[in-house]
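Below you'll find the structure, written out as structure tokens, and then a few comments.
Coordinate-derived values only; no laboratory data. What you see is a predicted model, and the numbers here were worked out from it, not measured in a lab. Quick reminder, even Gly has a Cβ in these numbers, built from the backbone with ideal geometry, and neighbours come from all protein chains shown.
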Amino acid sequence: MSAITTFAGGQLGSWLVVRNQVVVGEPLTEVRRLEVVAGGTPEPEGVAWRLRGVTSYERYVSRREHDDLTASSPALGRPEASHAALIPISKSPGWWELPHDERRDIFEEQSHHIATGFKYLPAIARRLYHGRDLGEAFDFLTWFEFAPADSAAFEELVGMLRETREWTYVVREVDMRLVREAAIK
């Protein structure tokens, strides 16, 4: 596992929150800004909440899918990717009670999660952080970065994924949209 990454919501941060919408379950407290804090970097002052996660091994991908994702995925922090989304998600106990092979079947064979995501690479960069193993409030913190011109494609991607069988297991989801402060000036 990598170092813990913290998403700190509050009054300070390099990302301006433009939307904080509950999709299902409990909301997050409204905040003006977000800072993504990697490793031991200090957090900003005035934090209302912290969401923590770690990058980890890819749980539901085949070797070929892993290699294709690695080859096609852009890096985070691209200058043109001034828009972002933080979508924390928790799944039901029923999801976690399924054996790994059944979760994989729902995730990819039925819901086509990876195949759908491939259609939007390299325009949309993504990173998945795992919070469940840390005992956090959310199982996953999904982080996406994209250029303003790719906003409609991102909406299409998220809409498609929310229509799948996999999403019937989601019991808490918040959809937070952000714009990098430097892009506003």
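Rounded to the nearest 500, the 222 nm mean residue ellipticity of the chain from helices alone is -5500 deg cm²/dmol, with -39,500 (n - 2.57) taken per DSSP H run of at least 4 residues. Put +1 on the Cβ of every Lys and Arg and -1 on every Asp and Glu Cβ in region 1-121; which of 112, 83, 98 then has its Cα farthest towards the positive end of the dipole? Final value for the positive-end residue is 83. Proximity of backbone amide H atoms, modeled 1.01 Å from N, is registered between residue 15 and 34, 181 at under 5 Å, excluding neighbours fewer than 5 places apart on the same chain. Whole-Hz Karplus values for region 153-161 come out as 5, 5, 4, 4, 4, 4, x, 5, 5 Hz, taken residue by residue from phi with 6.51 cos²θ - 1.76 cosθ + 1.60 and θ = phi - 60°; glycine and proline positions read x.
Reducing region 130-146 and region 166-180 to their Cα centroids gives an inter-centroid distance of 10 Å.
The convex hull drawn around the Cα atoms of the chain, when projected onto a plane and averaged over every direction, covers 10.3 nm². With each label modelled as a point 7 angstrom along the Cα→C-beta vector, the residue 167-residue 109 pair spans 2.3 nm.
Gaussian network model of the chain, Cα springs within a sub-10 Å range: biggest mean-square fluctuation belongs to which of 65, 35, 145? Comparing 65, 35, 145 in a Gaussian network model of the chain, the most mobile one is 65. Extension gain, residue 102-residue 73: 0.36 nm per intervening residue step, less the Cα-Cα distance, totals 7.8 nm.
Computed from phi, the 3J(HN,Hα) profile of region 119-135 under the Karplus parametrisation 6.51, -1.76, 1.60 (θ = phi - 60°) reads 4, 10, 8, x, 4, 10, 7, 9, 8, 10, 10, 9, x, 4, 5, 8, x Hz, with x in place of Gly and Pro.
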